[in-house]
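The structure appears below as structure tokens.
The values are calculated or read from the model by the stated rules, or taken from the named source; none is laboratory data. These figures come from a predicted structure and were not determined experimentally. FYI the Cβ positions are ideal-geometry reconstructions off the backbone, even for glycines, and counts take in every protein chain you see.
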Amino acid sequence: MKKLNLFVGVLVIAALLLLIVLLVQTFFTDGNTARPDPTTTPPKATATITPPTTDDAVDTPEPTDDVSPTPDIAPLEGASLTLEAFIGREKLSFIYSSAMFDRIQMDTGELFYLKSDPTNDTFIEIVFHEGDIEFRKASFLDPFIPRPTSLDMLGQILVAGSGVTAEGMATTDGVSFVDAWLIDVEGGFFAVVAGYKDDAAKADIYRMLDTLTFSL
């Protein structure tokens, strides 16, 4: 019985010694471990973005408003002619190109034949007529195309591409075409008549008609 008590006492002492050793070791270990300062905020992580190199850049052309204009037909060059009314002295003026037209002077006006058409089917006649325009216009184009397949009264329109307003008329027999404009003035009217057979000839004579101006 004494031996058992002695053995138990030895175990208790050994256990106490082991506990003391563990406590001492824990104390020194905790003392040497650095604790973070609770008042200090750790730095935040930052992301770095690398810009693209200039070699990878693509040059985009800037938009431009520079649009080359479409060239227009050159204006007709030549001599300026004027036809005057008998009573009110109104004037109808235009440009005549001797390089494009043969000119025939008439008692009350002018007749021009396009040189590039030897048949004389392409012409411009600009004449002053005495009398009432309303009485004359219904049959005015009969001498130019005696047997028309159509006759159109167009009302007040511009003469070709000019700024002159006149009573417009057009007739054809299916082969030849005649456009006419009658300009009412005191004591009569100016008659501008254009004859042609195709669009090319029409374009040539309309260049001359585009130069018309009217003045009082």
In segment 114-124, anything at negative phi and surrounded by fewer than 19 Cβ atoms within 10 Å (Cβ to Cβ) is listed as Lys115, Ser116, Asp117, Pro118, Thr119, Asp121
Is one or more of the residues making up segment 125-143 more than 22 Å from Glu186 (Cα to Cα) and crowded, with 17+ Cβ neighbours inside 10 Å?
-> no
Could you please tell me which pairs satisfy a Cβ distance under 9 Å, a separation of 6+ or placement on different chains, a first residue in segment 125-149 that is under 21 Å from Phe177 (Cβ atoms), and a second residue that is assigned to a helix (DSSP H, G or I)?
-> Phe140/Ile133
Working only within segment 85-101, note down all residues that are surrounded by 15 or more Cβ atoms within 10 Å (Cβ to Cβ) and either out of contact with any helix residue (DSSP H, G or I) (no Cβ under 9 Å at 6 or more places or on another chain) or assigned to a strand (DSSP E or B) (or both).
-> Ala85, Glu90, Lys91, Leu92, Ser93, Phe94, Ile95, Tyr96, Phe101
Subset of segment 102-146, residues outside any strand (DSSP E or B), among the polar types (S, T, N, Q) and under 28 Å from Glu77 (Cβ atoms), comes to Thr108, Ser116, Thr119, Asn120, Thr122
Within segment 66-84, restricting attention to residues that are in contact with a Phe, Trp or Tyr (Cβ under 9 Å, 6 or more places away or on another chain) and assigned to a loop (DSSP other than H, G, I, E, B), which residue is modelled with the highest pLDDT?
-> Gly78
